[in-house]
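For reference, the structure discussed in these notes is given below.
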């Protein structure tokens, strides 16, 4: 029972590496009354950008402090780069007893279990040992032997991770390791969005490492508009523009093979690992963008669909009714296709 974790990770917090942005997120056009406030800075090994405005007065300093504090809380909870984080404490305790990890992590594991089943095991949070085996957390690729991969695969499997209750997890295999990076960036986007909502802001765009969520609209009833990046490693140009809905929240999460990879002796190795065989994916699907209201769910699904590849990914997306945009690279040509749910989605436009 293995799977891929299009590991959207970062050099610091296993959450949002620039490689998977897929969305270089730039607000296109814009009115000025009232003024859009902006916050930005480094976070989770990448950068964040927040744009918001309110028709009633809000405390901008309080909002900034709230956002910064939330990033600290998330880092302490989910970072695989901090030995004192909740998830790394869980990983370091090698026994099969119930451990308290809190409701946030349990809720993410529950989402991951659904996606794991729907993707036939292609998505799996326990992929961490494989990711480490290939050297994808450092700057040097390590190509493992077949026997080493087979041995490491014995340590992988969502079926070895048990949800005990709303705040506790249990390892059925003591050396199991969990990596939430394929879902944690979406979770972070949602947490920051909630900070804004709690501060009285209902019109915002929250982006972390290219993954984002919008709610409401810009001044003058203008919709938020974002640019989807052309999924080629040598380019940083606009491929599509998404006009977001004005009357409902929506997240846009993209996983791709084109930003984070190693080249070795003429062979390109993607950071998208299929834990069913313990190896990087080799198909032609280079980008999957999922557009739904829940950023955590969208994050997990974009990872799973990319790992599955075009044919199996499209089938899984259609069966689960996931709105998804698939982009393949065939030779030098990019071709795109849309899941049934995206084709019939009328709350936004992609052009």
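Here are a few things to note about the model shown:
- Ordering of 300-313, 101-114, 54-67 by packing is 300-313, 101-114, 54-67, highest average first (other Cβ atoms within 10 Å, averaged per residue).
- Shape category assigned to region 161-246 from the gyration tensor of Cα positions, a/c cut at 1.5: oblate
- Convex hull volume per residue, computed on the Cα atoms of region 67-224, equals 145 Å³.
- Each part reduced to its alpha carbon centroid, region 40-97 and region 189-235 end up 17 Å apart.
- Peptides ranked, highest mean first, by Cβ atoms within 10 Å: ranges 178-189, 85-96, 340-351, 321-332: 178-189, 321-332, 85-96, 340-351
Read the figures in this text as sums done on the coordinates, not as results from a lab. Owing to the predicted nature of the structure, the values given are computational and were not obtained by experimental measurement. Cβ: placed from backbone, ideal geometry, glycine included. Neighbour counts: every protein chain shown.
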